[in-house]
1. Tell me, please, whether a residue that is surrounded by 11 or more Cβ atoms within 10 Å (Cβ to Cβ), touching a His at 6+ places or on another chain (Cβ under 9 Å), closer than 28 Å to D13 by Cβ and aliphatic (A, V, I, L, M) can be found in segment 107-128.
2. What number of residues within segment 153-163 satisfy the criterion of being farther than 20 Å from V192 by Cα and touching a helix residue (DSSP H, G or I) at 6+ places or on another chain (Cβ under 9 Å)?
3. Looking at F139 and the list (1) touching a residue at least 40 places away in the same chain (Cβ under 8 Å); (2) farther than 25 Å from Q77 by Cα; (3) out of contact with any Lys or Arg (no Cβ under 9 Å at 6 or more places or on another chain), which single condition is not satisfied?
4. Quick check on segment 153-195: of everything there that is free of Cβ contacts under 8 Å to residues at least 12 places away in the same chain and in a loop (DSSP other than H, G, I, E, B), which residue is surrounded by the most Cβ atoms within 10 Å (Cβ to Cβ)?
5. Is it the case, given these coordinates, that I145 is among the β-branched types (V, I, T), under 15 Å from the mean Cα position of the chain (by Cα) and not in a helix (DSSP H, G or I)?
6. Taking only segment 36-92 into account, find how many residues are assigned to a strand (DSSP E or B) and surrounded by fewer than 22 Cβ atoms within 10 Å (Cβ to Cβ).
7. Is it the case that some residue within segment 136-147 is out of contact with any His (no Cβ under 8 Å at 6 or more places or on another chain), more than 19 Å from K188 (Cα to Cα) and exposed (fewer than 14 other Cβ atoms within 10 Å of the Cβ)?
8. Quick check: anything in segment 108-117 farther than 15 Å from I64 by Cβ and either touching a Cys at 6+ places or on another chain (Cβ under 7 Å) or touching a residue at least 24 places away in the same chain (Cβ under 8 Å) (or both)?
Amino acid sequence: MRHKCFISFKTEDKYYKKIIQKNLDIDMIDNSLNEAIDSEYEDYIMQKIRKDYLSDSTVTIHLIGTKSSENEGWDEQRFIKRELQASLYNGHGNTRNGILGVVLPTMNNKVYKGFGGCSTCGNSHNYVYINDETVVKEFSYNYYIPHNKCAWSENDRYCVLVNWDNFCREPEKYIDQAFNKRHLPISKKIKVYPK
């Protein structure tokens, strides 16, 4: 099934966006913004993005690069934060998108930290650093939705995460995975505006 995908990215990562659009053989309908909206008014820009690009897309591909963190501040992140908020919103004129976070090569070592033993359950867990130092809260909260277990399974997360190399090998697999999350029970636990 072809999905309408919107690519959310920082300007510094447009090289990767172009690879997705031109070099990867993905059977998707590209619903991305490719030209800047000619306006100085942020609310108007976001209104256009929501209406013309996000309202009928089904998956948001969020590129996670070195400038994608919450710690960069609101002024730097206002567009990707609002794009993810609009992607997560389910209401009049807008259906919720699946969210696929693609960790770019410059961020691999900051996000993926290997395996370690758990003192609570005795099992080994992946150490994946999805926090204010690596992503915005709209992604981190919905990747690590709070619960009372010592680790998160794929069913405990709304956002899907993949590194760049794996995404390039099987992009449609991960796009489908994000799309399918829209109707799973975890979709009822997401937060559009996490604190």
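The values are calculated or read from the model by the stated rules, or taken from the named source; none is laboratory data. All values reported here derive from a predicted model rather than from experimental measurement. We place every Cβ from the backbone using ideal geometry, glycine too, and count neighbours over all the protein chains shown.
1. There is no residue in segment 107-128 that is surrounded by 11 or more Cβ atoms within 10 Å (Cβ to Cβ), touching a His at 6+ places or on another chain (Cβ under 9 Å), closer than 28 Å to D13 by Cβ and aliphatic (A, V, I, L, M).
2. Count: 2.
3. (2)
4. Checking each candidate, the answer is E170.
5. yes
6. If we filter segment 36-92 for residues that are assigned to a strand (DSSP E or B), which is where we start, we get 59-64, 91.
With surrounded by fewer than 22 Cβ atoms within 10 Å (Cβ to Cβ) added as a condition, the list becomes 91.
Number of matching residues: 1.
7. Among the residues of segment 136-147, not one is out of contact with any His (no Cβ under 8 Å at 6 or more places or on another chain), more than 19 Å from K188 (Cα to Cα) and exposed (fewer than 14 other Cβ atoms within 10 Å of the Cβ), which makes the answer no.
8. Within segment 108-117, not a single residue is farther than 15 Å from I64 by Cβ and either touching a Cys at 6+ places or on another chain (Cβ under 7 Å) or touching a residue at least 24 places away in the same chain (Cβ under 8 Å) (or both).
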